[in-house]
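Colleague: Input: one structure, supplied below.
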Amino acid sequence: MITLDQLKEIKDRTEQLNRYLDIDNKRVQWEEEQLRTQAPGFWDDQKRAEEQMKLVKGLEKWINDYTEVKTLADELETAFDFYKEELVTEEEVDDIHARALAAVEALELRNMLRHEGDNMDAVLKINAGAGGTEAQDWASMLMRMYMRYAETNGYKLRVANVLDGDDAGIKSCTLEIEGEFAYGFLKSENGVHRLVRVSPYNAQGKRMTSFASVFVTPLVDDTIEVNIEPARISWDTFRSSGAGGQNVNKVESGVRLRYQYKDPYTGEEEEILIENTETRDQPKNKENAMRLLRSILYDKELQHRMQEQAKVEAGKKKIEWGSQIRSYVFDDRRVKDHRTNYQTSDVGGVMDGKIDAFIKAYLMEFGAEE
């Protein structure tokens, strides 16, 4: 049976969410935005109308989710009082508490995803580190992990490009993951992932350490303004490899985009290289490659803004996006995130895409600081 303190905690967290989310203001804003959708000729501009409907639905979801939390909190308080009068059982009170707590935690987590880009789709790229076949096998295992995560959470997944390993695994891959707050959740995966295991590719059966890097950017669309200088773009074409029929071997449908990027803030230059073999249609692959380029450039601007904000808020804990973030130690049955110290012994579950607890731990600790 829950205690009075547990009931008070739920009520306090519900009231805090009401303030953080500014629910009263969101209701007023929703009514105003909803009225705009009823204006004559609203659907004449299809693109603008869709953006307006997206805004309305977004506000509506915040309001509905909070309403659910408030309803459960009120039900819990009523059930707690009824238990004293023996009108409900202890199990019924505990069940309502469990549902109320889950709803509160889900909304608190979503409240961490209020920064620019969080509501966008995501581009996730994996690169095998040094170490040959073992590292390439590790990269393919991570690819499977994120594909399973996307499938479990109902995201739409596209494999934009895969570069197979020499003997096994992959050297690199690019995944496009589409769905609500895909980037907001997956941005926590940015960094180097470390595997420790007895390698099946080592004849002596030695324990080996392998690394793979994961790079996540928001997947931008045409509504996002990104400055791309055409003179800095060059293209190559190549034949796609792997299964796919005769067309794959005979037609140069794969495209390679090179962009000579110059940082507008530091003046530093680098080459951005993007390959796309998603379809057998070369123009379509070029279009996809350009979309990925926009995503990378947009992310660079976001990171610059985050760095500037970090200078102002120097007292806050800083996250180095390119550092080693997580270790997967198979023999000891342990996966540990070095930023939050969250760990689990369910190695099999994690490799099957059950990474929600790691994402939640990261967002709850660092989400508000970003």
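Colleague: For residues that are under 33 Å from the mean Cα position of the chain (by Cα) and open to solvent by 20 Å² or more (accessible area, probe 1.4 Å), tally how many sit in region 76-113.
Modeller: Residues in region 76-113 being under 33 Å from the mean Cα position of the chain (by Cα) and open to solvent by 20 Å² or more (accessible area, probe 1.4 Å): 14 in total.
Colleague: To continue, here is another question. In the list Tyr155, Tyr201, which residue meets the criterion of being open to solvent by 20 Å² or more (accessible area, probe 1.4 Å), over 24 Å from Tyr342 (Cα atoms) and in contact with a Ser or Thr (Cβ under 9 Å, 6 or more places away or on another chain)?
Modeller: Unique residue meeting the criteria: Tyr201.
Colleague: Hey, Glu75 hits all of (1) modelled with pLDDT of 95 or more; (2) closer than 14 Å to Gln34 by Cβ but one; which does it fall short on?
Modeller: So the condition that Glu75 fails would be (2).
Colleague: Which of the residues belonging to region 43-75 are open to solvent by 60 Å² or more (accessible area, probe 1.4 Å) and either touching a residue at least 24 places away in the same chain (Cβ under 8 Å) or touching a Cys at 6+ places or on another chain (Cβ under 6 Å) (or both)?
Modeller: Lys47, Glu51, Glu60, Glu68, Lys70, Glu75
Colleague: Next question, about the same structure. Pick from region 236-264 the residues that are among the hydrophobic types (A, V, I, L, M, F, W, C) and over 22 Å from Asp299 (Cβ atoms): which of them is modelled with the highest pLDDT?
Modeller: Among them, the one singled out is Phe238.
Colleague: Which ones in region 1-29 are assigned to a helix (DSSP H, G or I) and open to solvent by less than 30 Å² (accessible area, probe 1.4 Å)?
Modeller: Leu7, Ile10, Thr14, Leu17, Leu21, Ile23
Colleague: For region 160-191, give me the residue count where each residue is under 12 Å from Ala122 (Cα atoms), in contact (Cβ under 8 Å) with a residue 60 or more places away in the chain and open to solvent by 40 Å² or more (accessible area, probe 1.4 Å).
Modeller: Final tally of qualifying residues: 2.
Colleague: On to the next question. So Lys47 passes all but one of these: (1) touching a Phe, Trp or Tyr at 6+ places or on another chain (Cβ under 8 Å); (2) in a helix (DSSP H, G or I). Which condition number does it fail?
Modeller: Unmet condition: (1).
Colleague: Could I ask something else about it? Residue by residue through region 327-365, note down the ones that are of a type in the set (Ser, Thr, Tyr) and not in a helix (DSSP H, G or I).
Modeller: Hits for region 327-365 are Ser327, Tyr328, Thr340, Tyr342, Thr344, Ser345.
Colleague: Next question, about the same structure. Restricted to region 177-207, and to residues that are among the aliphatic types (A, V, I, L, M) and either closer than 30 Å to Arg258 by Cβ or modelled with pLDDT of 90 or more (or both), which residue is nearest to the chain's Cα centre (by Cα)?
Modeller: That would be Leu186.
The values are calculated or read from the model by the stated rules, or taken from the named source; none is laboratory data. The structure presented is a predicted model; accordingly, all values stated were derived computationally and were not measured. No Cβ is skipped: glycine too gets one built from the backbone with ideal geometry, and neighbour counts run over all protein chains shown. To get the accessible areas, we keep the full protein, side chains included, count just its heavy atoms, and leave off ligands, DNA and RNA. Shrake-Rupley method; radii C 1.70, N 1.55, O 1.52, S 1.80 Å.
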